[in-house]
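So the structure is just underneath, and the comments pick up after that.
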Amino acid sequence: MASSSSSSSLFRCFLHFFFFIISQVQAANLPFHPRDVLPLLPRQVSWPVLNSLNSPVDLLPSFVGSVSSSNRIVNWKGACFYENTAWMEFHNKTGSEFGGGTLHIKVSYPHSWTCMDLYVFATPYRVTWDYYFLSREHTLEIKEWQDKAEYEYVKNRGISIFLMQAGMLGTLEALWDVFPLFTNTGWGENSNIGFLEKHMGATFEERPQPWFTNISVDDVHSGDFLAISKIRGRWGGFETLEKWVSGAYAGHTAVCLKDSEGKLWIGESGHENEKGEDIIAIVPWDEWWDFELNKDDSNPHIAYLPLHPDVRAKFNETAAWEYALSMAGKPYGYHNMIFSWIDTIGGNYPPPLDAHLVASVMTVWSKIQPEYAANMWNEALNKRLGTQGLNLSDILVETEKRGSSFDELLTIPEQDNWIYSDGKSTSCIAFVLELYKEAGLFDPIADSIQVTEFTIKDAYSLKFFENDSSRLPKWCNDADDVKLPYCQIKGKYRMELPGYNSMDPYVHMNERCPSMPPKYFRPQNC
């Protein structure tokens with residue numbers, strides 16, 4: 001029986017040989033592509049190769065064009081077929097009031113005989129999909145337009161065509177890769193870490209044990225900031241994707257508050273109550289810390305960011321408490337969650353994301369869960385238009401009527417004073433920064449800053465925090481040989497916060513900032 005080391009060496013040799021064969025035949029006109037037969041190979045051979053070729057990002061379709069009466073022909077290169085053409089034919093075969101249409105798609109020159117392309121087609125009123133593996137003209141029949149609004153929209157704006165870039169096989173593999181991001185397992189944790197390392201350039205250096213700090217609450221003050229990063233389970237997966245699109249190295253936040261008797265409390269938007277609802281809550285420190293230490297199965301990594309003494313001197317504790325108590329019990333700020341990330345028409349979407357894809361995802365969710373869609377974006381989009389009660393389809397049509405576009409609509413800054421059907425809307429970071437605003441930390445320019453436009457990265461980049469390590473508490477990083485400029489109080493891996501404590505507030509801060517991975521470059525005063 002072969003030893004494990006010789007078996008693994010043989011396996012590595014096979015992989016090198018397999019990649020060599022791929023590189024030699026890639027340009028050849030073969031009846032099959034090597035990647036197409038990977039599922040037929042032994043699992044220990046095929047899955048490592050597939051893992052090197054695909055990632056969860058491959059689940060995102062890429063916009064290739066819109067076909068309308070004015071934009072008569074669209075051409076693009078597919079994942080399987082190298083030459084593709086689409087055009088739209090309007091007709092009235094059913095004799096309905098507005099008729100229907102046929103989308104023609106001609107595909108040719110496949111890179112192999114076994115590949116296929118997978119497509120998603122969308123209007124504000126419908127989403128469908130199809131796949132093609134034969135070189136010929138294919139058709140997508142729409143017997144009737146839903147109403148005049150859809151007919152006018154398709155005539156002027158067209159049907160949006162999205163390509164699954166990884167093809168059928170790659171998409172299935174990407175589904176396999178994205179699933180563990182949301183699982184509460186070691187596999188899921190490693191998947192989240194791997195995604196962030198690959199797509200953001202993040203590093204996960206292990207800290208010496210113990211992986212938590214014995215905190216003295218006497219050293220904690222009102223206004224001190226908590227940055228939290230979860231790397232497994234449901235919230236770990238969502239935070240991973242949030243970090244990727246925003247450039248933040250934390251996915252959740254909370255704020256410290258001390259009452260008149262010196263008792264420490266934690267203010268948090270996104271606290272789960274007994275009913276499983278995410279709400280804004282003011283929780284005693286001991287209860288909050290016990291949960292994070294012993295009950296939070298997302299493996300939270302937590303950094304404590306104390307305010308600078310000069311900033312603390314400005315902090316109006318009474319005003320902060322008044323704001324926090326006024327918001328306690330209100331729902332988490334889903335209304336404006338995505339709008340802090342989207343500031344520009346094209347500079348906030350990691351490929352293949354774009355505004356067309358965002359609109360299509362919204363369309364799908366609006367059909368599946370209309371109440372969820374209304375809570376997540378419909379009200380916020382109505383705010384931007386100055387309208388009330390329009391659903392997503394009506395919003396898209398109204399935007400077009402005004403000579404604007406959906407991607408422009410998404411970039412309109414959120415206003416802190418907007419009142420939604422369930423009150424003011426604040427995500428985890430908007431809650432903390434609105435509290436800072438009420439406490440006077442953004443004075444004298446508070447009126448010209450909309451904190452609901454800030455991401456978590458924008459928040460920890462504010463020059464509000466301690467910059468003298470000698471003033472940090474004695475227990476801060478006491479077991480770690482690397483002294484961070486803040487205090488990591490929990491976590492196996494060392495937390496990094498690029499851009500930490502580096503930016504003074506300025507007028508209209510963070511309203512027009514790009515955020516493209518992996519560098520996340522932002523121009524000055526955006």
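The values are calculated or read from the model by the stated rules, or taken from the named source; none is laboratory data. This one's a predicted model, so the numbers in the text were calculated from it and none came from an experiment. So basically every Cβ, Gly included, is an ideal-geometry build from the backbone, and we count neighbours across all protein chains shown. Keep in mind that these areas ignore ligands, DNA and RNA; they rest on the heavy atoms of the full protein, side chains included. Shrake-Rupley method; radii C 1.70, N 1.55, O 1.52, S 1.80 Å.
Can you compute the FRET efficiency between TRP113 and LYS463 using 1/(1 + (r/R0)^6), with r the Cβ-Cβ distance and R0 = 45 Å? Round to the nearest 0.05.
The computed FRET efficiency comes out at 0.15.
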Q: Treating only the Cβ atoms of Lys and Arg (+1) and Asp and Glu (-1) as charged, compute the dipole magnitude of segment 56-171 about its Cα centre; round to the nearest 20 debye.
A: 180 debye
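Give me the accessible area per residue for segment 56-171, probe 1.4 Å, as a whole number in Å².
Numbers: 5440 Å² over 116 residues.
Value returned for segment 56-171: 47 Å² of accessible area per residue.
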Q: Provide the solvent-accessible area of GLU438, counting protein heavy atoms only and rolling a 1.4 Å probe, rounded to the nearest 10 Å².
A: 90 Å²
Q: List the residues whose amide H sits under 5 Å from the amide H of HIS138, counting only those 5 or more places along or on another chain, with H placed 1.01 Å from N in the peptide plane.
A: ILE105, LYS106, VAL107
**Q.** Around ILE279: net Lys/Arg minus Asp/Glu count, Cβ-Cβ under 12 Å
**A.** -4
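In what sequence, largest accessible area first, do TRP244, TRP211 appear using a 1.4 Å probe? Walk me through the numbers on the way to the answer.
Values: TRP244 15, TRP211 75 Å².
These residues rank, largest area first, as TRP211, TRP244.
Sorted by accessible area with a 1.4 angstrom probe, largest first, how do LYS295, LYS519, LYS243, LYS437 fall? Walk me through the intermediate numbers first.
Numbers: LYS295 130, LYS519 175, LYS243 5, LYS437 35 Å².
Reading off the accessible areas and sorting them downward yields LYS519, LYS295, LYS437, LYS243.
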Q | With all protein chains modelled, accessible area of LEU441 [1.4 Å, Å²] | A | 10 Å²
Q: Rounded to the nearest 0.05, what FRET efficiency do LYS77 and THR203 give with R0 = 60 Å and r taken as the Cβ-Cβ distance? Could you check?
A: 0.95
Q | Estimated vicinal HN-Hα couplings, Hz - segment 275-292 in sequence order (Karplus 6.51, -1.76, 1.60; Gly, Pro = x) | A | 8, x, 8, 8, 10, 8, 9, 10, 10, x, 3, 4, 5, 5, 5, 4, 5, 5
Q) Around GLU242, with a cut-off of 12 angstrom between Cβ atoms, what is the net charge of the other residues, counting Lys and Arg +1 and Asp and Glu -1? A) +2
Q: For VAL507 and ILE345, compute 0.36 nm times the residue count separating them, minus their Cα-Cα distance, and round to one decimal in nm.
A: 56.2 nm
Q. Within a Cβ distance under 13 Å of GLY440, other residues only, what is the Lys/Arg minus Asp/Glu net charge?
A. -4
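Which pairs break 20 Å Cα to Cα here: LYS155/LYS383; LYS492/LYS519; LYS230/LYS474; LYS230/LYS295; LYS258/LYS314?
Values: LYS155/LYS383 27 Å; LYS492/LYS519 25 Å; LYS230/LYS474 26 Å; LYS230/LYS295 13 Å; LYS258/LYS314 16 Å.
LYS155/LYS383; LYS492/LYS519; LYS230/LYS474, as the Cα separations exceed 20 Å there.
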Q) How far is it, in nm, from the label point at ASN190 to the one at SER326 when both lie 7 Å from their Cα along the line to the Cβ? A) 5.0 nm
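Grab the Cα-Cα distance for LYS263 and ARG234, subtract it from 0.36 nm times how many residues apart they are, and report the gain in nm with one decimal.
Fully extending the segment from LYS263 to ARG234 adds 7.2 nm.
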Q) For the pair GLU141 and GLU400, how long in nm is the line joining their label points, each one 7 Å along Cα→Cβ? A) 2.5 nm
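Which order do you get for ASP224, ASP290 if you rank them by accessible area with a 1.4 Å probe, largest at the top?
ASP290, ASP224
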